[in-house]
Amino acid sequence: MKTDVIVAEIGSTTTVLTAFHNIHTDNPVILGQGMAETTVIQGDVTIGLKNALKDLKSYLGTEELDYGEFFATSSAAGGLKMSVHGLVYDMTVKAAKEAALGAGANIVNITAGRLGRFELEKVKSGNVNIIMIAGGVDYGERETAVENARGIASLRLNIPVIFAGNIAARDEVREIFREYEQEEFLYITENVYPKIDVLNVASAREVIQEVFEKHITKAPGMEKIREIVNEAIMPTPGAVMEATMLLSETLGNVMTVDIGGATTDVHSVAEDNPEIARILISPEPRAKRTVEGDLGLYLNKNNVAQAIGRGNLMRKLRIDEAELGALIDTLPPLPAPRHMALVQELASYSLNAAVSRHAGKIASVFTAHGKTKTATGKDLTGIAYVIGTGGALTRHPGRVKIIRAMLDRVDPDSLKPSSAAKILIDSDYIMAATGVLSRKYKEAALKLLKNSLTEE
């Protein structure tokens, strides 16, 4: 059997292969999908890839499967770990953070101001994949970014460093990295905060994804996959963001929620409500992603259960402590039917917590002119569609209830989506796959995405 394209999504817990055909026509289709556990622990992610391919062949009823092109996304080995260092937290640091998260990175260290000795030690021992330096509007304050660049270059970490700060500091930063023989690891891109209240994150996102593809060898066996792909390996969250932005071109304000085994990610592409924009303290990007590293259904199942409260879980599931402990301990990456009730509770909590953290808030403050309202964070009140993707929100029988419970939960101070938002399910589980596919086959990716979305 032949197919045009195979896309591999290599996650922290599962590996999914999707076969697409008729990509070059007006009627692209999904031939089938195979799934297996990701095999990072076994020392080679290609084992899981081969198992997923075997599952795909079984689904298609064929022993041989020829493909024209092979694409891949990955969040294995914890995904893309970054540290971000800027000047002022609410300005350049925030802008750099948005760029990193939008590209699919997991931020493990954030600093504002000049890096001291202890902060540099933390950077050195942080085991990050990429470092981003920002700071200063264009032609404004430059010394902080320059000194931070000098401190990081002096560590000689031999890892990619992205400079996305004051344009006037570029030459000096480049010279500093040359002095410390780190120039080959330096990437210079546009300032993420070129003017006051202006975010410019698109260029930095592109560079982060480029760096990710060049240096993705952290997961054992990933270098083998890099040799067979036709396009760059994208961070899976970055691919989901690409798909969300693609859908926003026709659907308007959208939000994608992805509950995974290790994290819960929220991607939103939305314009601010004019009334909220008037009281917004600082700007937010139109496309925003947040990742919650403590909210996952497999690697973080114990954390989520503890947050809910084991007593609450026992009451909701109508089981005793021993039964609950056994359920949690035996919960696999691909849940069995007996785990579904537990997964629904874990997923419901994870989704509500993640969206609450992603959404902005309204607060009342007292000024010389009396009481007034201010807004901080992302305004999601205009979201028209909430899209569910990831294993729990595409395969679980209670997926709509999980999303609906989040939308119906009232919080007058939250800027989360209203209950009027429509729910769409990525029924074919192809958000990440079409995100990477859209880089070369945009029209086909959009058609496949729309066919996958079912309104519930």
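The values are calculated or read from the model by the stated rules, or taken from the named source; none is laboratory data. Model, not experiment: these values are computed from the prediction. Note that we place each Cβ from the backbone using ideal geometry, even for glycine, and neighbour counts take in every protein chain shown.
The single condition from (1) surrounded by fewer than 20 Cβ atoms within 10 Å (Cβ to Cβ); (2) within 25 Å of residue 361 (Cα to Cα) that residue 456 fails is (2). Scanning segment 147-172 for residues that are of a type in the set (A, V, I, L, M) and surrounded by fewer than 19 Cβ atoms within 10 Å (Cβ to Cβ) gives 155, 157, 159, 167, 168.
The residue of segment 413-427 that is nearest to residue 376 (Cα to Cα), among those that are out of contact with any strand residue (DSSP E or B) (no Cβ under 8 Å at 6 or more places or on another chain) and touching a residue at least 12 places away in the same chain (Cβ under 8 Å), is 418. The set of residues from segment 1-20 being of a type in the set (S, T, N, Q), at pLDDT below 95 and buried (at least 24 other Cβ atoms within 10 Å of the Cβ) comprises just one member, 15. What single numbered condition from (1) touching a residue at least 24 places away in the same chain (Cβ under 8 Å); (2) over 30 Å from residue 420 (Cα atoms); (3) outside the structural domain of residue 100 (by TED's automatic domain parsing) fails to hold for residue 247? The one condition residue 247 does not meet is (2).
Counting only residues that are loosely packed, with under 15 Cβ neighbours inside 10 Å and under 19 Å from residue 87 (Cβ atoms), segment 123-139 holds 1 of them.
Residues are listed down the side, and each one gets a yes or a no for (1) more than 15 Å from residue 239 (Cβ to Cβ); (2) not assigned by TED's automatic domain parsing to the domain that holds residue 444; (3) not aliphatic (A, V, I, L, M):
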{"residue": "9", "(1), (2), (3)": "no, yes, yes"}
{"residue": "13", "(1), (2), (3)": "yes, yes, yes"}
{"residue": "17", "(1), (2), (3)": "no, yes, no"}
{"residue": "24", "(1), (2), (3)": "yes, yes, yes"}
{"residue": "28", "(1), (2), (3)": "yes, yes, yes"}
{"residue": "31", "(1), (2), (3)": "yes, yes, no"}
{"residue": "34", "(1), (2), (3)": "yes, yes, yes"}
{"residue": "38", "(1), (2), (3)": "yes, yes, yes"}
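The residues of segment 35-93 that are among the small types (Gly, Ala, Ser), farther than 30 Å from residue 299 by Cα and in contact with a Gly (Cβ under 7 Å, 6 or more places away or on another chain) amount to a single one, 86.
Per-residue answers, yes or no, for (1) in contact with a Pro (Cβ under 9 Å, 6 or more places away or on another chain); (2) at pLDDT 95 or above; (3) surrounded by fewer than 20 Cβ atoms within 10 Å (Cβ to Cβ):
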site	(1), (2), (3)
390	no, no, no
395	yes, no, yes
405	no, no, yes
408	no, no, yes
411	no, no, yes
414	no, no, yes
417	no, yes, no
421	no, yes, no
424	no, yes, no
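Listed by position, the strands (runs of 3 or more DSSP E) contained in segment 339-456 that have at least 2 residues being under 20 Å from the mean Cα position of the chain (by Cα) are 385-389, 422-426. Taking the condition among the basic types (Lys, Arg), touching a residue at least 12 places away in the same chain (Cβ under 8 Å) and surrounded by 20 or more Cβ atoms within 10 Å (Cβ to Cβ), does residue 54 pass? No, not satisfied.
Taking the numbered list (1) at pLDDT 95 or above; (2) more than 30 Å from residue 20 (Cα to Cα) in turn, residue 431 passes all entries but (2). Looking at segment 21-43, is at least one residue of a type outside the set (Phe, Trp, Tyr), part of a helix (DSSP H, G or I), surrounded by fewer than 23 Cβ atoms within 10 Å (Cβ to Cβ) and touching a residue at least 40 places away in the same chain (Cβ under 8 Å)? Checked segment 21-43: no residue is of a type outside the set (Phe, Trp, Tyr), part of a helix (DSSP H, G or I), surrounded by fewer than 23 Cβ atoms within 10 Å (Cβ to Cβ) and touching a residue at least 40 places away in the same chain (Cβ under 8 Å). Restricting attention to segment 64-85, the residues that are closer than 22 Å to residue 110 by Cα, aliphatic (A, V, I, L, M) and modelled with pLDDT under 90 total 3.
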